[in-house]
1. Provide the net charge surrounding B:ASN102, with neighbours chosen by a C-beta distance below 9 Å and charges set as Lys +1, Arg +1, Asp -1, Glu -1.
2. Can you give the convex hull volume of the alpha carbon atoms of the stretch B:348-397 per residue, in Å³?
3. Keeping all protein chains in place and using 1.4 angstrom, which order do A:THR385, A:THR307 fall into by accessible surface area, from largest down?
4. Tell me the carbon and sulfur percent of the accessible area for the stretch B:2-241, rounded to whole percent, probe radius 1.4 Å.
5. Let me know the mean shielding of A:297-305 by other chains, meaning the per-residue number of their Cβ atoms within 10 Å of its Cβ.
6. Net charge within 10 Å of B:LEU189 by Cβ-Cβ distance, Lys/Arg positive one each and Asp/Glu negative one each, not counting B:LEU189 itself?
7. Between A:LEU204 and residues 5 or more places away or on another chain, which pairs have amide H atoms under 5 Å apart, with H built 1.01 Å from N, and which residues are they?
8. In deg cm²/dmol, rounded to 500, what helix-only [θ] at 222 nm does chain B give when every DSSP H run of at least 4 residues adds -39500 (n - 2.57) and the total is split over its residues?
Amino acid sequence: MEEGVVNEILQGPLRDVFDSKQLITDISGSGNNWAVGHKVFGHLYQEQILEKLRKSAEHCDCLQCFFVIHSMGGGTGSGLGTFLLKVLEDEFPEVYRFVTSIYPSGEDDVITSPYNSILAMKELNEHADCVLPVDNQSLFDIISKIDLMVNSGKLGTTVKPKSLVTSSAGAFKKRQEKPFDAMNNIVANLLLNLTSSARFEGSLNMDLNEISMNLVPFPQLHYLVSSLTPLYTLADVNIPPRRLDQMFSDAFSKDHQLIQADPKHSLYLACALMVRGNVQISDLRRNIERLKPSLQFVSWNQEGWKTSLCSVPPVGHCHSLLALANNTCVKPTFMDLRERFTRLYKKKAHLHHYLQIEGMEESCFSEALSSLSALIQEYSQLDATKSMPVEDLPRLSVAV
Amino acid sequence: MSIVTVQLGQCGNQIGFEVFDALFSDSHCTQGLCSKRENEAYRSSCKERFFNEEENGVPIARAVLVDMEPKVINQTLSKAVQSSRWKYGQRSCFCQKQGSGNNWAYGYSVHGPRHEESVMNLIQKEVEKCDSLGGFFIIMSMAGGTGSGLGTFITQNLQDQYSSSLKMNHIIWPYGTGEVIVQNYNSILTLSHLYRSSDALLVHENDAVHKICAKLMNIKQISFNNINQVIAHQLGSVFQPTYSEEGSFHYRRNPLGIDWQVQPPLSRLPTLGKRSLSEQLRFNTSIANLVVLRGKDVHSADVAGFKDPALYTSWLGPDNAFNVWTTQRAFSKYEKSAALVSNSQFLVKPLDMIVSKAWNMFASKAYIHQYTKFGIEEEDFLDSFTLLEQVVASYCNL
């Protein structure tokens with residue numbers, strides 16, 4: 001809803017990739033206000049949005065999925081973005097809606113980000129098929145880790161150019177460039193790996209509709225924690241199987257997750273491993289067997305693994321792994337958000353900016369809050385089952 | 001007599017290719033350990049069963065390829081063309097763009113009716129090319145969405161349309177530790193429906209074949225190619241021509257002539273009390289066994305061990321339950337080879353495991369909304385569970 005970013009894209013190296021007619025901009029922005037994005041701009045641009053969507057959809061032989069990419073803490077991405085979800089659901093009910101949401105980190109400089117996030121969460125709960133939460137702090141930590149590896153010259157290891165998950169152009173970019181470019185590249189790689197099996201051949205393909213089918217056991221619990229490995233490739237040509245196994249181990253470490261979460265110490269409802277490159281089924285199985293004992297799965301899904309093998313690795317790598325987990329470790333992120341929200345809301349701080357927008361009332365806030373609390377409650381209930389022994393239920397008895 | 005093969009989904013198509021390749025390679029093998037005339041008879045019998053003749057001499061597989069997304073079929077077609085020894089018919093494929101999402105309900109209730117006419121037409125065309133139809137060989141996996149759901153739907157259609165032809169489904173049993181999270185649901189829905197419309201379910205378990213690759217073949221990094229090739233090899237050794245009882249120079253006419261549907265005489269079934277599963281399965285009891293021997297000294301082979309009455313159930317003795325097919329012509333360069341197809345309690349444990357896991361998941365209602373969305377209700381699940389519990393119990397009571 002302001003022109004700067006879109007203009008930059010249209011003048012940048014990818015300008016020919018984007019259809020210049022398929023964009024909508026305004027001038028003033030949403031002022032970090034969910035209500036402005038959702039109610040004001042939503043209403044204003046609804047027709048235009050629909051028209052452009054329909055146009056894009058017409059060009060598709062078979063439309064399977066929408067990717068919505070936005071942040072939760074601002075006004076446009078958060079407000080208009082979630083408005084869009086509802087439009088997509090009404091207009092294209094059979095098409096999956098995958099949402100990549102950037103959650104605000106602890107040191108976020110937008111004061112009203114808790115309000116925006118919670119209001120957006122309600123929409124995500126109700127209208128998204130699958131949400132991949134990401135937060136800036138985790139992305140930044142990953143970059144720091146890479147920088148450390150690259151600059152330390154540890155044991156004379158050299159990092160292969162083009163293999164950094166943070167840079168699509170290769171080379172070791174220095175700190176002058178915006179850190180956001182490197183961070184965003186990680187998210188871009190997430191989406192690349194997510195769609196790799198649909199774009200390239202493999203011995204065990206996985207389409208996007210299979211992600212929702214396998215990883216969403218109940219409609220409300222559709223938040224998937226993701227991790228990408230490896231972060232870089234060493235120039236060592238002989239990759240022993242140990243390196244491969246290390247990739248699998250890393251995928252479960254809390255340092256590689258794209259939000260602040262520790263899946264190893266929480267409860268798994270389901271887990272997907274999307275492998276690319278020269279990895280075969282025996283490697284996959286060996287690693288699942290190896291890692292399984294250290295992970296806790298919910299009682300009714302003890303073997304809850306979905307796997308896929310794509311033959312084509314990402315640029316600069318021999319193999320890579322994207323792990324998607326439906327795990328109760330998202331709960332702390334949500335609880336944190338709720339706490340920050342409550343701190344503001346108790347004092348009614350900045351509320352008037354929202355309430356002055358037509359269509360916004362205090363009930364919007366309380367409903368959004370209870371929607372989030374209900375979700376947190378679901379995760380808590382699941383956590384409570386963590387240490388319970390798994391019993392086989394009595395089976396149907398039949399007459400022979 | 002000819003067999004029409006229907007390859008469904010990624011698994012079905014990948015395996016189908018390996019099967020035809022194995023059959024072709026073997027039939028053109030020069031080290032048959034038999035006379036030239038013998039070899040010729042073998043080759044033309046194999047050809048009649050599985051391949052069609054083309055003008056320029058390249059044999060075309062009697063197969064219909066079905067998948068709901070294009071990548072695998074494209075790969076399969078080009079692999080066949082690249083080998084330049086045999087190929088698939090250009091118009092023998094049916095393809096869509098979006099896949100079945102590992103959802104049995106989607107494969108069965110959405111893709112099935114939507115594409116029924118197209119797929120059945122393709123099969124019809126293939127059938128018309130056969131002088132005499134022996135039956136259908138349907139290759140599918142249980143864990144996914146297309147092979148399992150659409151495969152079941154197509155089998156039901158074949159039952160309606162070609163009720164007097166044999167339908168044998170080749171089922172791939174998924175790895176125990178998960179390839180697909182909802183594989184147990186997909187499996188029980190597949191098995192319970194197929195029980196009503198298929199004549200025979202020939203099963204290969206991924207876990208078992210994996211073990212063969214690891215322990216018997218010592219392959220270090222096992223790929224699906226390895227697994228599929230082992231499966232194809234086993235199938236080839238059963239389906240290639242063998243002598244019929246009538247004479248030693250004519251190959252058996254009906255390649256799928258395995259008469260597995262044995263109805264136990266109801267009045268003679270002993271009534272048994274309930275026994276625990278582990279107790280009942282201490283000894284693997286068979287309903288019927290088929291041994292296929294190929295190669296050197298095949299006529300002097302001693303199969304007495306298979307005729308031991310202790311192996312069989314009380315109401316069907318080895319005279320009826322045991323069959324041997326032999327042929328001097330060696331298979332795939334093996335001087336001697338033997339294959340065993342068995343209808344026995346061997347699969348009870350795996351079946352019980354799947355039912356148990358599916359039941360646990362069903363009790364929590366996890367993922368059910370994905371199926372009810374497309375018309376498979378909780379009742380359908382319960383029907384499936386009931387039927388499979390009966391199957392388990394029937395086998396246990398042998």
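The values are calculated or read from the model by the stated rules, or taken from the named source; none is laboratory data. This one's a predicted model, so the numbers in the text were calculated from it and none came from an experiment. When we count neighbours, we look across all protein chains shown, and the Cβ atoms used for this are built from the backbone with ideal geometry, even at glycine. Just the protein is used for accessible areas: all its heavy atoms, side chains included, with ligands, DNA and RNA removed. Shrake-Rupley method; radii C 1.70, N 1.55, O 1.52, S 1.80 Å.
1. Working: positive: A:LYS306; negative: A:ASP207, A:GLU210.
So the environment of B:ASN102 carries a net charge of -1.
2. Values: hull volume 3.3 nm³, N = 50.
Output value, Cα hull per residue: 66 Å³.
3. A:THR385, A:THR307
4. Numbers: 3930 of 8370 Å².
Here it works out to 47 percent.
5. Details: counts 0, 3, 4, 10, 10, 5, 9, 6, 7.
What the average comes to for A:297-305 is 6.
6. Numbers: positive: none; negative: B:ASP380, B:ASP383.
Here the count lands on -2.
7. A:LEU309
8. Numbers: 13 runs with 161 residues, N = 398.
Helix contribution divided over all residues of chain B: -12500 deg cm²/dmol.
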